[in-house]
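The values are calculated or read from the model by the stated rules, or taken from the named source; none is laboratory data. This is a predicted model, so every value here is computed, not measured. Glycine also receives a Cβ, built like all others from the backbone with ideal geometry; neighbour counts cover every protein chain displayed.
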Amino acid sequence: MEGLNFIGAGLIVIGAGLGIGKIGGSAMDAIARQPEASGKIQTAMLIAAALIEGIGFAALFAA
């Protein structure tokens, strides 16, 4: 059962990385469509990425 902790931790890191990548890609698409709103989009992107990182770290320490 000890090895399952490492599998869980790996899945957490992969999930957080995929989530942040999806946020970044979507933000770039949104900025390409509406360049005048880039400041608001970037702020929302950074907040969402920070929340995903926080959840990922909390889950990683719990695993």
Exercise. State which residue pairs qualify: first residue closer than 11 Å to Ile52 by Cα and inside segment 9-20, second residue of a type in the set (Gly, Ala, Ser) and assigned to a helix (DSSP H, G or I) in any location, beta carbons under 6 Å apart, and separation of 6 or more residues or different chains.
Key: Ile12/Gly56; Ile12/Ala59; Ala16/Gly56; Ile20/Ala49
Quiz item: Are any residues in segment 29-45 aliphatic (A, V, I, L, M) and surrounded by 13 or more Cβ atoms within 10 Å (Cβ to Cβ), and if so, which ones?
Solution: Ala30, Ile31, Ile41, Ala44, Met45
Practice problem: Spot the failing condition for Glu53; the list is (1) at pLDDT 95 or above; (2) surrounded by 11 or more Cβ atoms within 10 Å (Cβ to Cβ), and only one is missed. | Solution: (1)
